[in-house]
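Asks: Provided herewith is a single structure, encoded as structure tokens, for subsequent inquiry.
The values are calculated or read from the model by the stated rules, or taken from the named source; none is laboratory data. Note that the coordinates shown come from a computational prediction; the quantities given were computed from them, not determined experimentally. Using ideal geometry, Cβ is built from the backbone for each residue, glycine included, and neighbour counts are taken over all protein chains shown. To get the accessible areas, we keep the full protein, side chains included, count just its heavy atoms, and leave off ligands, DNA and RNA. Shrake-Rupley method; radii C 1.70, N 1.55, O 1.52, S 1.80 Å.
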Amino acid sequence: MKKIEEKGRVMFEDAVSDYWHGLFSFGGRSTRSGYWWSVFNYFATIYFLALAAVLLTGLSFGAALMIVVLGLTGCMIAMLIGNLAVSFRRLRDVGLKTAPIVILNVLIYALLIIGVIEMRVSALVLANVSTLAGLILSIIVFIFTLLPTDQFVAEKENWLVRGKDSVDETQPTAAAQPQLTKAAPAATTASPSLPTVVFYPDGREQEIK
């Protein structure tokens with residue numbers, strides 16, 4: 001899967017291309033504009049898939065209906081994973097490290113699932129508390145997605161955020177860059193000058209240095 005590395009302002013067509021090419025790519029970065037164009041693409045595609053599901057369900061029967069339902073369900077699950085992936089990339093672009101991003105998402109889904117389970121066993125108070133906590137964390141993540149690139153970057157890198165002293169993996173390091181060295185000047189050797197000999201008509205020779 002292609003690693004997405006967005007920088008600067010991302011247009012709609014580029015964001016959509018990055019979304020589909022990085023559908024299961026949780027590495028890299030997505031800028032604020034790239035993220036929100038991807039969210040728009042996500043909801044627009046879900047709408048058309050739901051519309052297609054209604055139409056195809058009415059026109060399909062038996063095994064064909066099962067294939068349609070399974071196909072559309074698979075597409076929606078894949079897009080849910082893609083939406084989570086672009087969220088990971090957006091939070092990393094803001095400045096968070098991978099560990100706190102994973103912790104935030106695990107807590108959100110765990111609290112929401114616990115709320116549903118508690119509601120089914122009639123523990124309404126606990127269900128409300130768990131659901132409310134999950135919603136609060138979701139709102140915090142939503143606010144983070146509105147922030148500009150490198151908002152949380154600190155002077156020194158730690159386990160929560162990237163630091164200004166950390167190396168940008170997308171840029172070639174000094175070891176990978178070609179080294180330019182000055183060529184040593186060519187050695188010059190003094191060649192002995194040859195004497196000039198003049199021949200006269202009468203047979204005499206004269207050497208001129």
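Asks: With all protein chains present, calculate the accessible area of L80 using a 1.4 Å probe and round the result to the nearest 10 Å².
Replies: That residue has around 100 Å² of solvent-accessible surface.
Asks: Still on this structure, please answer the following. Between L49 and V153, what FRET efficiency follows from the Cβ-Cβ distance if R0 is 35 Å, with the result rounded to 0.05?
Replies: The pair L49/V153 has a calculated efficiency of 0.40.
Asks: Please compute the alpha carbon radius of gyration of segment 1-141, then divide it by the globular-protein estimate 2.2 N^0.38 Å. Two decimals is fine.
Replies: Dividing the Cα radius of gyration by 2.2 N^0.38 Å gives 1.24.
Asks: Of I46, I77, which has the most accessible area and how do the rest follow, probe 1.4 Å?
Replies: Final ranking, largest accessible area leading: I77, I46.
Asks: Follow-up. Which Cα, out of V54, F43, T145, lies furthest along the positive dipole direction of segment 1-148 (beta carbon charges, K/R +1, D/E -1)?
Replies: T145
Asks: Now, a different point. Suppose we take every Cα in segment 47-114 and form the convex hull; what volume per residue is that in Å³?
Replies: That works out to 108 Å³ per residue.
Asks: Calculate the all-directions average of the projected area of segment 1-61's alpha-carbon convex hull, and give it in nm².
Replies: The orientation-averaged projected area of the Cα hull of segment 1-61 comes to 4.9 nm².
Asks: Provide E5, E155 ordered by accessible surface of protein heavy atoms (probe 1.4 Å), highest first.
Replies: So the residues, ranked largest to smallest area, are E155, E5.
Asks: Placing +1 on the Cβ of each Lys and Arg and -1 on the Cβ of each Asp and Glu in segment 1-143, which of I77, V116, I101 has its Cα farthest towards the positive end of the resulting dipole?
Replies: About the Cα centre, the residue reaching furthest to the positive side is I101.
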